[in-house]
Amino acid sequence: MKNDKFEAIKRGIDAYFAKCDGQNGDKIRKPYTLSGLLCELNMTRAQFEKLYAKPKYAQTFTSALSKIEAFTEEYALTGALSASAAANSLKYNFGWGEQKDNSGSDEQKSIKIILDGELLRLAE
């Protein structure tokens, strides 16, 4: 049964992009969006993210997301998409413009220095 769900998701992703591409496949009829994909798959963003975290679904979802991301960037650069709409989509859906944290954690890290008696007197 679990494999049926995976196959249904793959079919849903393929169906979504086929609908966007239109009948002849050479002209985009409808833009690729994450929201549109979620509607086609009949799932919420939270459900999508939960499945995306599972290794079984990660590659399939990564491929679909990459296709949406590339579409958004390319069509924005050609002027076919609003620059502000594309920027917002790339920022909120794909993490563009976020500061990279090299510490491996989103929490602020601090260092506590404890001075012995003599160093403490010098520091004052």
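For Gly22, are the conditions met, namely being farther than 20 Å from Phe94 by Cα and either in contact with a Lys or Arg (Cβ under 6 Å, 6 or more places away or on another chain) or acidic (Asp, Glu) (or both)? It is true that Gly22 is farther than 20 Å from Phe94 by Cα and either in contact with a Lys or Arg (Cβ under 6 Å, 6 or more places away or on another chain) or acidic (Asp, Glu) (or both). Within region 3-31, the set of residues being aliphatic (A, V, I, L, M) and modelled with pLDDT of 85 or more comprises Ala8, Ile9, Ile13, Ala15, Ala18.
Of the listed requirements (1) acidic (Asp, Glu); (2) at pLDDT below 85; (3) assigned to a helix (DSSP H, G or I), Asp106 misses just one: (3).
The values are calculated or read from the model by the stated rules, or taken from the named source; none is laboratory data. What you see is a predicted model; the values in this text were computed from it and never measured. Counting neighbours? That spans all protein chains shown, and the Cβs are built from the backbone with ideal geometry, glycine included.
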